[in-house]
Amino acid sequence: MNRRSLLIRAAGLAAVVGGAWWARETLLWPRPTLTFATNGATPWLAYMRSSLVPTVRVRLGGLEVVALIDSGAQYSVIDRALFAALPLAGRSLFDMPLVAYGVGGGAQVGRGTTLEVDLPGLSITGLRAAILDLGPLASGRGLRTPLILGQDVLGEAVLALDPARRHVRLIRADAFVRPADLAEARVRRQGGALTTEVTVEGSAVSAVVDTGASALLGLSREAAQGAGLLDGRPTQSGVSLVLGGAMRSATVVARTVTFADHLYRRVPVGVFDQPPLPNFPGGLIGMEAFAGRRAALDLGAGALFVSRPLDLTVG
């Protein structure tokens, strides 16, 4: 499996029934409560998987599992098999059917549950999560992360990333102090996500900052066409893990990509089919963009801070 072109997404969860957006966000899907043990932050936590994406060990219902921290996932998700393995006393269901769309356009219908999740130095209570079949994302054939912590969690804390050391930590927003070597990048908040404008061979594309994707950049077929990448240049095929399974994917090489005031050269770009949803992002900025850099994502405030890379160009 080509890790550079791996796109991991469980985003786009949408209510099938229910009233207004406010009612769904406030009454049916309230925010979780994050309680930090000391100093308003977790310790630095080592990645638990070899992938570029941040994965941490957590405790859930007396079980120890590995969770993916995914800023591209609209809500948190628990794999159906893990939910079934939870003690009966720790299981709960609420009757709100959900449709989940992932990269590639595949859809699933699921239900919701409320979880309590513990990390070193942090307790998350009242976490509403969708119960879905995560397929290879959860199984031994893939990333082995049967729990995804999404924008609902990250909207309540700052996510600090140190990819070079393969460490991550969560910090209470009012306890976060921006390190002097981290500069603010141009981003805006769209829904619960951070979006930014990248240029691909001079063409502007709106992209979501997605810690659940390992590739530097993924583009929808429409965005790739608009940027001129589908001009007959060589294309490589591969397999990418997506919501519930795997899909055939195409990769083309962009001569230049700019992100956070940095120029990247000869960037492999994964091309995906866009789900039938309004405002679905045309691009995904993944963890390869932070190679040699450190970053802090504050989804609640709509801010991103990034250090300068160690090298002047990548690729």
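Overview of values
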quantity	calculated
Computed label-point distance, nm, for sites Leu93 and Ala164 using a 7 Å Cα→Cβ extension	5.0 nm
Only Lys, Arg (+1) and Asp, Glu (-1) charged, at Cβ; the stretch 139-229 dipole about Cα centre in debye	320 debye
Arg265/Arg178 FRET efficiency (R0 30 Å; Cβ-Cβ; nearest 0.05)	0.55
Neighbourhood net charge (15 Å Cβ-Cβ; Lys/Arg +1, Asp/Glu -1) for Asn39	+1
Charge tally in the Cβ shell below 10 Å around Phe83, where Lys, Arg are +1 and Asp, Glu are -1, Phe83 excluded	+2
Accessible-area value, Tyr75, 1.4 Å probe, nucleic acids and ligands omitted, Å²	10 Å²
Residue-normalised accessible area of the stretch 119-211, given per residue in Å² at a 1.4 Å probe	39 Å²
Formal net charge of residues neighbouring Gly283 (Cβ-Cβ distance under 11 Å; K, R +1; D, E -1)	-3
Burial order of peptide ranges 51-59, 202-210 (average beta-carbon count within 10 Å, highest first)	51-59, 202-210
Cα→Cβ-extended label distance, 7 Å offset, between Arg186 and Ala107, nm	3.6 nm
The stretch 136-225: trypsin sites (Lys or Arg not before Pro) falling in loop per DSSP and having at most 15 other Cβ within 10 Å	Arg141, Arg165, Arg186
Kirkwood hydrodynamic radius of the stretch 146-196, Cα pairs, Å	12.7 Å
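The values are calculated or read from the model by the stated rules, or taken from the named source; none is laboratory data. Keep in mind the model is a prediction, meaning the values are calculated, not measured. Quick reminder, even Gly has a Cβ in these numbers, built from the backbone with ideal geometry, and neighbours come from all protein chains shown. Just the protein is used for accessible areas: all its heavy atoms, side chains included, with ligands, DNA and RNA removed. Shrake-Rupley method; radii C 1.70, N 1.55, O 1.52, S 1.80 Å.
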